[in-house]
Amino acid sequence: MAVRFFRLRLLLFTAALVVLLFLTRSWWLAGLGYALVHDDGPAKADIAVVLAGDSYGHRIVKGAELVRAGWVPLVLVSGPAGAYGLHESDLAIPFAVRQGFPAEWFIAFPHSATSTHEEAALILEELRRRKVNSFLLVTSTYHTARARRIFLAAERASGGGPPMRTVAAPDEFFHPDSWWRSRQGQKIAFMEWTKTIATVFGL
């Protein structure tokens, strides 16, 4: 009898928890979305760094807008290899020029990194070579929090680095307060949370 009573209580508790989660889904799902975002906003800096991984061009356009607004004089465009024999910067900069931004605003930085961790180490080395004293890190909204943690860890591992502010570029498929309402938003959130958890475990 005691075992049956315990199982019944457990079943009722589980059912109540499921109902509660369903009724409050907009709140905690939005929390999961906002937890991926860290946007410091722009400030005066030596350069903007646009991370790779955005085939729609939102990141490089955001970097160009920072130059146009007077926050930075130049944009360093990260360019890993792999796009049909080209580096991503080979495609991103001409795209920005077609949007009306001057080519001289951009510095291509081709490399062979295959992850944000590797990308961060190479970019920080390049910034040190260029004697950069401060920079704006530009990436997609959903990628900002993880990218910031990776860059800060890379700076610590290399004995320090220039001050950094993270600036979010918009993404039409991911909005932190409604990402679960589209399949593409769900895929982005799932992949970013998977990578975030992997980063925590050093993977």
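The values are calculated or read from the model by the stated rules, or taken from the named source; none is laboratory data. Bear in mind the structure is a predicted one, so any value in this text is a computation, not a measurement. So basically every Cβ, Gly included, is an ideal-geometry build from the backbone, and we count neighbours across all protein chains shown. For accessibility, only protein heavy atoms count, side chains too; no ligands or nucleic acids. Shrake-Rupley method; radii C 1.70, N 1.55, O 1.52, S 1.80 Å.
As a calculated quantity, the FRET efficiency between residue 125 and residue 184 at R0 = 41 Å, using C-beta atoms, amounts to about 0.75.
Among residues other than residue 200 with Cβ under 15 Å from its Cβ, the summed charge is +3 (Lys and Arg +1, Asp and Glu -1).
Annotation: lysines with alpha-carbon distance below 22 angstrom to residue 187 (same-chain offsets under eight excluded): 195. The lysines within cross-link reach of residue 62, meaning a Cα-to-Cα straight distance under 21 Å and a gap of 8 or more places when in the same chain, are 44. The residue 43 and residue 201 beta-carbon pair, evaluated with R₀ = 30 Å, returns a calculated FRET efficiency of approximately 0.35.
A Gaussian network model of the chain, with springs between Cα atoms under 10 Å, assigns the largest mean-square fluctuation among 172, 119, 155 to 172.
The simple Förster model, with R0 at 41 Å and r as the Cβ-Cβ distance, assigns residue 152 and residue 98 a FRET efficiency of 0.75. The three principal axes of the C-alpha atoms in the chain carry coordinate ranges of 78, 38, 35 Å, sorted with the longest axis first. Accessible-area rank, largest first, for 88, 192, 65: 65, 88, 192, with all protein chains present and a 1.4 angstrom probe. Each of 178, 112, 158, 55 has its accessible area taken with a 1.4 Å probe; listed largest first, they run 55, 112, 158, 178. Beta bridges from DSSP with both residues in the chain: antiparallel share about 10 percent, rounded to the nearest 5. Under 5 Å from the amide H of residue 134 lie the amide H atoms of 46, 47, each residue being 5 or more positions distant or on a separate chain, with H modelled from the backbone and absent for Pro and chain starts. Take each uninterrupted DSSP H stretch in the chain, measure its Cα extent along the helix axis, and return the ones at 24 Å or beyond whose mean Kyte-Doolittle hydropathy is at least -0.5. Helix filter hits for the chain: 2-23, 183-200. The relative contact order of the chain, computed from alpha carbon pairs under 8 Å that lie at least 6 residues apart in sequence, is 27 percent.
Measuring only protein heavy atoms, the 1.4 Å probe finds residue 39 accessible over about 90 Å². The eigenvalues of the Cα gyration tensor, multiplied by 5 and square-rooted, give segment 85-160 an equivalent ellipsoid with semi-axes of 23, 14, 13 Å from largest to smallest. Taking every C-alpha pair closer than 8 Å and separated by at least 6 residues, the mean separation divided by the residue count of segment 77-184 gives a relative contact order of 22 percent. When only the Cβ of Lys, Arg, Asp and Glu is charged (+1, +1, -1, -1), the dipole of the chain relative to its Cα centre reaches about 880 debye. Let a ≥ b ≥ c be the square roots of the eigenvalues of the Cα gyration tensor of segment 78-120; is it rounded (a/c under 1.5), or, if not, prolate (a/b larger than b/c) or oblate? Note, shape of segment 78-120 comes out prolate.
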